[in-house]
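Remarks on the structure that follows.
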Amino acid sequence: MQILPSSTLFCCTMNEVRSPMAEGIMKRFHGSRVFVDSVGVHLGKRDPFMVEVMKEIGVDMSQHKPKTFESLTDDSFDFVISLSTDAQRHADDLTRYMHCDTRLWEIFDATQVEGTREACLGAYRQARDQMQHRILELFPVLDYPQF
């Protein structure tokens with residue numbers, strides 16, 4: 001059985017779409033047991049499509065404020081999951097001197113899809129669902145032991 005980490009950081013390029021989605025999904029399933037945060041390499045802005053597709057699964061991201069690695073108040077994490085290669089380089093620097101599990105997940109970048117509003121929302125849903133699958137695969141919802 002996988003034991004939940006006490007803290008997890010999700011990071012991507014702008015902290016606009018993928019990393020806040022991952023943060024919201026992780027908090028939805030494990031937020032009472034795990035400290036979860038997200039950052040970007042560069043400072044982005046809150047993405048309205050991200051907010052909308054997260055609301056569809058009951059996760060309110062309307063107050064999300066993008067932040068960067070430099071703005072982290074706590075840089076000690078058990079798990080750091082990068083959602084872009086740029087973020088992975090920063091995560092490697094952050095965790096260089098700590099015992100931490102780091103991973104790079106290739107998650108579909110919904111911002112690359114152009115077209116109608118529905119086509120864009122469909123792309124965001126695809127990224128959200130892919131992220132949720134990966135999170136629940138790594139950290140399934142179980143009765144975790146309390147330490």
Order of I107, I57 - criterion: other Cβ atoms within 10 Å of each residue's Cβ, fewest first: I57, I107
Under the span-like rule (Cα at least 15 Å along the axis, Kyte-Doolittle mean at least -1.0), DSSP H helices of the chain: 18-30, 117-138
Ellipticity estimate at 222 nm from DSSP helix runs (n ≥ 4, -39,500 (n - 2.57)) divided over the chain, nearest 500: -11500 deg cm²/dmol
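Test of understanding: what is the full-extension gain from E56 to L142, defined as 0.36 nm times their sequence separation minus their Cα-Cα distance?
Values: separation 86, 0.36 × 86 = 30.96 nm, distance 2.36 nm.
In short, 28.6 nm is gained.
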Fewest-first sequence of V80, V113 by Cβ atoms within 10 Å of each Cβ: V113, V80
Packing-based exposure ordering (other Cβ within 10 Å, fewest first) of S71, S32: S32, S71
Volume of the Cα convex hull of region 7-138, divided per residue and given in Å³: 98 Å³
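Throughout, read-outs are computed from the coordinates displayed, never taken from laboratory work. On a predicted model such as this, the values are computed, not experimentally measured, just so you know. With ideal geometry, Cβ positions are generated from the backbone for all residues, glycine too; neighbour counts draw on all protein chains shown.
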